[in-house]
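Participant: I am attaching a structure below and will ask some questions about it afterwards.
The values are calculated or read from the model by the stated rules, or taken from the named source; none is laboratory data. Keep in mind it's a predicted model, so treat the numbers as computed, not measured. For neighbour counting, all protein chains shown are included, and Cβ atoms are generated from backbone atoms with ideal geometry for every residue, glycine included. To get the accessible areas, we keep the full protein, side chains included, count just its heavy atoms, and leave off ligands, DNA and RNA. Shrake-Rupley method; radii C 1.70, N 1.55, O 1.52, S 1.80 Å.
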Amino acid sequence: MKNPITAILRSKASTGIKWIAFSLMVVLVSAMPSMLYALFGPGDGSSMTLTLIFAVGALLGHIGFLIGLLLLLRDAFFNKK
């Protein structure tokens, strides 16, 4: 299986698409510890640290997604070929 990060970097997609792909990976990676804790951890609830990790990852992912959308809009409207 290929490394997804190098596959995105080597792809011929536009910069906006690459930003969006990385942002979605950040959200998934930051949510993974909380999901694993919910599945395999004790039944007393969730860890506050894992919740904060997910919150920061989701914030960074949404900011990256917004940057990717803005780059796609810039390419569509200002860099016409």
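Participant: Please go through the range 64-78 and give me each residue that is open to solvent by 80 Å² or more (accessible area, probe 1.4 Å) and either farther than 11 Å from residue 16 by Cβ or hydrophobic (A, V, I, L, M, F, W, C) (or both), ordered by number. Walk me through how you get there before you give the answer.
Facilitator: Filtering the range 64-78 down to residues open to solvent by 80 Å² or more (accessible area, probe 1.4 Å) leaves 66, 70, 73-74, 77-78.
Answer for the range 64-78, where residues must be open to solvent by 80 Å² or more (accessible area, probe 1.4 Å) and either farther than 11 Å from residue 16 by Cβ or hydrophobic (A, V, I, L, M, F, W, C) (or both): 66, 70, 73, 77, 78.
Participant: So which residues in the range 15-63 are surrounded by fewer than 13 Cβ atoms within 10 Å (Cβ to Cβ), free of Cβ contacts under 8 Å to residues at least 12 places away in the same chain and in a loop (DSSP other than H, G, I, E, B)?
Facilitator: Hits for the range 15-63 are 42, 43, 44, 45.
Participant: Does residue 5 qualify as being touching a helix residue (DSSP H, G or I) at 6+ places or on another chain (Cβ under 6 Å) and open to solvent by 50 Å² or more (accessible area, probe 1.4 Å)?
Facilitator: Criteria not met by residue 5.
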